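Here's the structure, in C-alpha cells; my notes come after.
Derivation of every value follows stated rules applied to the coordinates shown; laboratory data play no part. Since we're looking at a predicted model, the values are computed, not measured. Positions of Cβ are backbone-derived with ideal geometry, glycine not excepted, and every protein chain shown enters the neighbour counts.
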C-alpha cells in the first residue's frame, strides 16, 4: 500500500468524477499539443519549401498569391510575364541564381512545371530512376507525383490545360517520363517537372493563329531568385517593383505574414485548450476539497495507524499529481493521434503530410505545466488535511 | 469549572512519586504506562485530571464513566493523539511528549492498536488492503502472510477482497479488530467497541478482543453494561464529572 496505490484507490472510488477530470485535462492538453504539432509542422514545411529563395519575381498582384503559386504551387499564378521583361533582372548584378518557372498545365491535378535542372538541384533532388530531361516534352516526376500517376519510365501522357482537373487536354503533345525523383520532403515531390521549352512548345502549338504574334514572345510565370549578397534584400525588390511592370515578393516576409494570420486562429484555440485545462485543475481542487470532507475519518484513522501529518499531505498531493499525469498522458495520446489522423485524412498529394510521430521540446513544457497545476490544485486540500485536528474528528465521531 | 475526579478501584498499593521519565524507565521497565498529575483541559470548560494511574504490561483495564466524562480523551492521550497540558504520561517507558510529532506517529503505529467506536475502515480499500495500509502507515515491512493469518484467525479469510460497504456490521467490527492487532501492538485501546453491536456480535467481539489481546495490555473505554459484565473483576478506572 504505497502512496500511489492508496491515491489510485481513492480515484477509483469516485470513477465518474475521475473520468470527467481526466477527460477535461486530456482535452485541454491534447488541444494544445495538437496545435503545437500542426503549427510547427506547417511552419516547418513552409520554410523548407522556401528555403534558399530570397525573392520571387512574377506578374503584379497579391505578393502572397505569388509566393503561394510559385513556391508552394498552392494557388493560381498572378499572371504571366514576358521573358524579355524578366531577363534583365535574372542577369542582374546581385542575383546569384535565377530559376524560371512556366506554369499552365496539369495532369490529374498535378502541376506540370516548366523550369531548369537547377530547380531540382536547389532541393537536392536525387534520381530514383532515369535522368533529367534533355529535350522538350521529356518530364521528370516527383516521388509523390510518380506514385499518384502510376507511370513508369518511357511511358507518355498528355497534359490538361489549366492547373485544376477538368481542363482541355493537349492531345497533340505527349510528354514522356524520363526520370523519377526520390522523395525530398518538399513540394518537388508533388510536381511534374520539365523544361521551360516544353510548356512553350505545347502552348505555341496549341494557340490560335490570331494570337500567333503574341505567342512568339516567350512567357514565364515566375522567377525564383537567390541573391549574391544579403544586402540586395533591401533594395532589389524595391527596384523591381518601381522600375518594371513586374512584382518582387520576398518569401520570408510573406510566410511570416501567412503564419501570423494562421497563428491568430491557432493561438485562440490554444487559449481554449489552456482554459479547458485550468477548469480541469480547478475541478480537481474542488473534488479533493469535497473528498476531504468525506474522508476526514479516513485521515484521522490513518493518523491513528501511524501516518504523519506529512504523509497525509503527500497523499493528497499525490492524488492531484496522479490525475494530472494520467490526464496529460491522455492529452499526449489525443494530440499525437489527432495529428496522425489529420495527416491520414488529408492524404492527397497537395496537402501537407502531418504526422503525430514527432516530439517537440515545447511538449515537455506542457507536461511540466500540467503536473505543476495538478500539484497546485491539490495544494489547498493537502494543506487543510495537514492542519486537521484529528483528535477532534475522532471525538466527534 | 467542572473538574473530573478519578477513583481507582481494585487499586494496587504501588504509588510512586515519579518525577522523571528516566527513573521510570529504570525502575518500572515492566509498566505499560504511568500517568502522574495529568491535566488536560478540553471543550472550553471541561478538565480531565488524573493524579496517578499506572498499568503493568499484559494487564487489562476498563475505563468507565458517563458519556462526556473524558474516557475517549484519555484514550487519545494514551495513544499520543493528544498531548497532556500538564503532568507526565509515559507509555512503554517512553515520554510521548518528548518525541517529535513524526516519532510519536511511528510509535503509535507500531506499539498501539486502536479500535474505535465507529469502525472507520477506509472505504476505498478492500479488507486486505486496509490491513496492508496499517502495516505501511506504521512503517513496517509489507507482510501479506501476516495479514492473511490475522484474517484467518478472525474467520475473515473469505472476505479479503471485499470492500467495507459489502460487510455486515459484525464482519466490519472484526476487520477493525484485525487492523488493530495486525502490527502486534503492545497496547490495545478500544473505544466503546460494543456500540452499534447486537448482543451476539457484542459477546463475539469481546471474546475476540480478550483472545487476541492475550499478549498485549488492553484498555477498554465503555459505558456499556454488557462489557462491564463480561470483564467482571477486571480493574476499573472510573471517571466522573
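Between residue A:161 and residue A:182, the modelled label-to-label distance comes to 4.0 nm, taking each label 7 Å out from Cα in the direction of the beta carbon. For the residues B:68, B:58, B:113, a GNM of chain B with alpha-carbon springs under 10 Å puts the largest fluctuation on B:68.
Treating r as the C-beta distance of residue B:229 and residue A:278 and R0 as 60 Å, the FRET efficiency rounds to 0.45. Debye sum, Cα scatterers, the stretch A:7-56, no solvent: what log₁₀ I/I(0) at q = 0.20, 0.24 1/Å? Relative scattering, expressed as log10 I(q)/I(0), comes to -0.75, -0.85.
The stretch A:326-344 to the stretch A:19-33: how many Å between their Cα centroids? Here the answer is 10 Å between Cα centres. Per residue of B:129-137, other chain Cβ atoms within 10 Å of the residue Cβ number 6 on average.
Using the Cβ-Cβ distance between residue B:153 and residue A:371 with R0 set to 41 Å, the FRET efficiency works out to roughly 0.40. Dividing the radius of gyration of the alpha carbons in the stretch B:2-240 by their Kirkwood radius gives 0.96 for Rg/Rh. Would you mind classifying the stretch B:134-194 by shape? Square roots of the alpha carbon gyration tensor eigenvalues, ordered a ≥ b ≥ c; an a/c under 1.5 is rounded, otherwise it is prolate if a/b is larger than b/c and oblate if not. Oblate, because a/c is 1.5 or more while a/b does not exceed b/c.
Seen through its C-alpha gyration tensor, with square-root eigenvalues sorted a ≥ b ≥ c, the stretch A:55-249 comes out oblate because a/c lies at 1.5 or above while a/b is not bigger than b/c. Among A:217, A:319, A:197, whose mean-square fluctuation peaks in a Gaussian network model of chain A (Cα, cutoff 10 Å)? Comparing A:217, A:319, A:197 in a Gaussian network model of chain A, the most mobile one is A:217. Our compactness index for chain A, the C-alpha radius of gyration over the empirical 2.2 N^0.38 Å, is 1.44. Per residue, the average separation of C-alpha pairs within less than 8 Å and at least 6 apart gives chain A a relative contact order of 28 percent.
What is the fewest-to-most order of A:341, B:202 by other Cβ atoms lying within 10 Å of their Cβ? Please list the in-between numbers first.
Numbers: A:341 13, B:202 20.
So the residues, fewest neighbours to most, are A:341, B:202.
Estimated from helices alone, the mean residue ellipticity of chain B at 222 nm is -10000 deg cm²/dmol (sum of -39500 (n - 2.57) over DSSP H runs with n ≥ 4, per residue).
When the Gaussian network model of chain B links Cα atoms closer than 10 Å, the mean-square fluctuations of B:99, B:62, B:38 top out at B:99. With Cα atoms defining each centre, the stretch B:174-241 and the stretch A:48-102 are spaced 95 Å apart in the structure.
Hey, what did the stretch B:2-240 get for relative contact order, percent, Cα under 8 Å, at least 6 apart? It rounds to 29 percent for the stretch B:2-240.
Taking the C-alpha atoms only, the angle from helix A:309-345 to the longest principal axis of chain A is near 20 degrees. As an exercise, use a Förster radius of 35 Å and the Cβ-Cβ distance of residue A:380 and residue B:99 to find the FRET efficiency, rounded to the nearest 0.05. According to the calculation, E is roughly 0.75. For chain A, adding -39500 (n - 2.57) for each run of n ≥ 4 DSSP H residues and dividing by the number of residues yields -19000 deg cm²/dmol at 222 nm.
Using a cutoff of 8 angstrom between alpha carbon atoms and counting only pairs six or more residues apart, the relative contact order for the stretch A:55-249 works out to 35 percent. By the count of other C-beta atoms within 10 Å, a proxy for reagent exposure, A:90, A:302 are ordered fewest to most as A:90, A:302. The packing ranking of peptides A:307-316, B:223-232, highest mean first, is A:307-316, B:223-232, where packing means the average number of other beta carbon atoms within 10 angstrom of each residue. Reported value for the stretch A:14-142: 187 Å³ per residue, from the convex hull of its C-alpha atoms. With the simple model of a label 7 Å out from the Cα in the direction of the Cβ, residue A:290 to residue A:75 spans 5.2 nm. Which stretch or stretches of the stretch A:182-202 have amide N atoms under 20 Å from the point lying 7 Å from residue A:168's Cα along the Cα→Cβ direction? So the set is A:198-202. Averaging Cα coordinates gives a centre for the stretch B:55-90 and one for the stretch B:107-144; these two points are 21 Å apart. Give me the percent of Cα-Cα pairs in the stretch A:298-397 that sit more than 24 Å apart, rounded to a whole number. Value for the stretch A:298-397: 48 percent of Cα pairs lie more than 24 Å apart.
The orientation-averaged shadow of the Cα convex hull for the stretch B:25-165, equal to a quarter of the hull surface, comes to 10.6 nm².
Taking label positions 7 Å along the Cα-Cβ direction at both residue A:82 and residue A:360, the computed distance is 4.8 nm, reported to one decimal.
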